[in-house]
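Below is one structure; the comments refer to it alone.
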Amino acid sequence: MRAQPPAGRPGDGADALFGPEDLDTGPASRPYEGAGPMFRDSPEARRMLSVRTVFAEPAAAASPRGRQVLARYPDAEIVPVDSHWRIPDLHGNEGNVDRWVRIKTETLVLGEKKTLTTRPNGRSADWIAPGPANGCAMACAYCYVPRRKGYANPVTVFTNIERAVAHLSRHIARLGPKPEPNQCDPAAWVYDIGENSDCSVDALISDNVADLVDAFAKWPTAKASFATKFVNPDLLLLRPRGRTRVRFSLMPQSDSRLLDIRTSPVASRIAAAADFLDAGYEVHFNLSPVVLRPGWEGDWSLLLRHMDDVLPARVKRQAAAEVIMLTHNQDLHELNLGWHPRAEDVLWRPGLQQPKRSENGSWNVRYRHDVKAGAVATMRELVAAHAPWLRIRYAF
C-alpha cells in the first residue's frame, strides 16, 4: 500500500451525539490536504482514467466540485450538454460497442443529481443512498448499470455532493437510533453509497467519496457501505472512524480474468483488507457473482482456503459476507457479444436460467429456482468447510 492512514484510534469520536452543525454538513475541505504523493496521481491511476473528453452540464462544470474535476484533466475537451442522461454521442449509440472500454477510459460526464431519494433495501444495506456517481471506468461483463444507459457507461460525477450529504443528514436524523438489530447491522442504519458506481474508482476523480466518508464519521446512528473491485490506497488517508463498511467483491481468479475487466487482482483485494481495517473501516466481503460453470465448486474452495490462509485474525473476527448468484440480462448479453463474446460462454446458459422481472420492471435472467437453491446451499457448505469464521449475512 502506497498511502498510510493517519494516526489515531479508528473509534475516536464515533460516539459523539448529533449537533446542529451535522444537519447541514457540506463537502469536506480538502480531505487529503498534506497527504503528499497520492495514488490517484500515479501512472496506474492515469491508465485507468486518461480522460480526453468531458461532457458537462454548465452548472456542474461551474460548481466547486466540477472545477476540481476539470482541473485534474486540463487537456480534456469540454463539451457542454443539457443533461447528463441525454448525450446522443454516448447513450443509445450502438457504434459505441466497438469502443466499450476506450469510452470508459477517455470519457467523463459532469452533472447534477436533480432528484435525491433514499429508498429501502434490506439486503446489502437498510437504505440505498444517493450515490456520488453513476457508471464505472472498469468493465465487468456482468454489470447491471450499463443496461440502463445503452451502449456506453463512463463515469458520471454528480457535482452537487453537498445536497446529497444534507439530504442524508436529514434522513438519518429523522430515523433516530436503530430500534433493533437486523442482518444489515446490529446497531447502525446502513446506507449503500455506491449502488451504481465503484466508490474506489470514483475517489480517483473527485473528493465526493471522501466527503461521504467524512460525513458518516460524524453520524453515530448510521454507517456507509460500498462494494468495490478496485484497491485505492488513497482511501486509507481518510478517517472513517468505523462508520464506513468496505465490501471487497471476490470471485475465483479464473472467473475474474474473464469477467472482471480492468479491476484489481482478487488477491490484491484480499490483501488490502487488513490495511483498510487498520485505517478505521469495517471490512466485509461480497462473494459475487457466483457464476455456475464446470469446476466452479473447486475454484471457490481454493479462493476460500486462500482467504483463510492469508487474512489475519483481526480481519476474520469482524468479517461477514454476502453471497450473490449471477443475474444476467438479454440486452447485456447481446451487448457483450459485440465486445467480449467469450464472457457469454459462461454468463449466458439458457439451460440453467429463467426470466425474472426485476424491481424496476425490466426482465432479467437468473438461475432456475432449483439450480440456484442447490448452488446457494453448496456455497454455504464451502464457506463452512474452508472459512468457518466467515459469517454469511445473506445469500440469494
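Just for segment 76-200, what percent of DSSP beta bridges are antiparallel, to the closest 5?
Around 40 percent of the beta bridges assigned by DSSP in segment 76-200 are antiparallel ones.
Pairs to check: 114/372; 104/316; 113/229; 316/356. Give those whose C-alpha atoms are more than 32 Å from each other in this structure.
114/372; 104/316; 316/356
About the Cα centre, and with charges only on the beta carbon of Lys, Arg (+1) and Asp, Glu (-1), how big is the dipole of segment 29-395? Nearest 20 debye, please.
Dipole of segment 29-395, to the nearest 20 debye: 700 debye.
For a Förster distance of 22 Å, can you work out the FRET efficiency between the beta-carbons of residue 308 and residue 123, rounded to the nearest 0.05?
0.30
With a point put 7 Å past each Cα toward its Cβ, work out how far residue 115 is from residue 316 in nm, to one decimal.
Reported label-point gap for residue 115 and residue 316 is 4.7 nm.
Rounded to the nearest 5, what is the percent of antiparallel bridges among the DSSP beta bridges in segment 29-395?
Bridges in segment 29-395 that DSSP calls antiparallel: roughly 25 percent.
Return the distance in nm (one decimal) between the two label points of a simple spin-label model at residue 75 and residue 297, each offset 7 Å from Cα along Cα→Cβ.
It works out to 5.4 nm between the two label points.
Please report the relative contact order for the chain, taking Cα pairs under 8 Å with a sequence separation of at least 6, and give it as a percent rounded to a whole number.
That works out to 17 percent.
Quick one: what does P(r) look like for segment 100-165 with 5 Å bins over all Cα pairs, in whole %?
Computed distribution, short to long bins: 3, 16, 22, 21, 20, 13, 4, 0.
Taking R0 as 45 Å, what FRET efficiency do you get between residue 342 and residue 380 from their Cβ-Cβ distance, rounded to the nearest 0.05?
Result of the calculation: an efficiency of 0.90.
Report the Cα-based extents of segment 29-395 along its three principal axes, largest first, to the nearest Å.
Principal extents (Cα only, largest first): 54, 47, 39 Å.
Give the dimensionless ratio obtained when the Cα radius of gyration of segment 228-358 is divided by 2.2 N^0.38 Å.
So segment 228-358 has a normalised radius of gyration of 1.17.
222 nm [θ] for the chain, helices only, -39500 (n - 2.57) per DSSP H run of 4+, per residue, to 500?
For the chain, the value works out to -9000 deg cm²/dmol.
Scan the chain and hand back the longest stretch that contains none of the GluC sites (Glu not before Pro) lying in DSSP loops with at most 15 other Cβ atoms within 10 Å.
The reported range is 34-358.
All of the numbers you see were taken from the coordinates with simple rules; none came from a lab. Because the structure is predicted, anything quoted here is derived from the model rather than measured. Here the Cβ is made from the backbone with ideal geometry for all residues, glycine too, and neighbour counts use every protein chain on show.
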